[in-house]
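Below is one structure, written out as structure tokens; comments come after it.
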Amino acid sequence: MPAMQNFPLALQAVLLLTASNVFMTFAWYAHLKNLNDKPWWFAALASWGIALFEYLLQVPANRIGYQSLDLAQLKMIQEVITLMVFIPFAIFYMQQPVKLDYLWATLCMLAAVYFIFR
């Protein structure tokens, strides 16, 4: 990832974790929409195939992030990214209704970020 070497380490980690999380979200949930008519083991194998790409991004992201963030900060960033990826995925890809609960969850995450980074 030479193009990202000029970015601060924390930003590199956030970008890689975001891309990783897109793969993770599809690995965990897209089979509910796309492979619902297939046996569970087929969906599991397809999910593992997608998850490989998630890990190929997530492992370097955590290694890079851990150079400038502590473990709790790195984990909290991951959780916030998970929510920020999941909400559009649920609404636009899985056609789930928009819920006010997404706002409340986001506010709780922002509070958690405050406490981890203060």
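Of T25, T82, T106, the sequence from fewest to most neighbouring Cβ atoms within 10 angstrom is T106, T82, T25.
With both labels modelled 7 Å from their Cα along Cα-to-Cβ, the L83 to Y114 distance reads 1.2 nm.
Find how many whole Å separate the alpha carbon centroid of the range 76-118 from the alpha carbon centroid of the range 31-54. Using only Cα atoms to place each centre, the spacing works out to 24 Å.
Residue separation of S68 and L100 scaled by 0.36 nm, minus their Cα-Cα distance, works out to 8.1 nm of gained length. Per residue, the chain reaches -23500 deg cm²/dmol at 222 nm when only DSSP H runs of four or more residues are counted, each adding -39500 (n - 2.57). Axis angle, to the nearest 10 degrees, between helix 40-65 and the longest C-alpha principal axis of the chain: 10 degrees.
Exposure proxy ranking for L110, L100, L15, L69, based on other Cβ atoms within 10 angstrom of each Cβ and starting from the fewest, stands as L100, L110, L15, L69.
For a straight C-alpha distance cut-off of 22 angstrom, the lysines reachable from K99 (same-chain residues fewer than eight places away being disregarded) are K33. When I50, I81 are arranged by Cβ crowding within 10 Å, least crowded first, meaning fewest neighbours, the order is I50, I81.
Quick note: the coordinates plus some simple rules give every number you see, no bench work behind them. Every value quoted in this text rests on a predicted model; they were computed, and no experiment measured them. Using ideal geometry, Cβ is built from the backbone for each residue, glycine included, and neighbour counts are taken over all protein chains shown.
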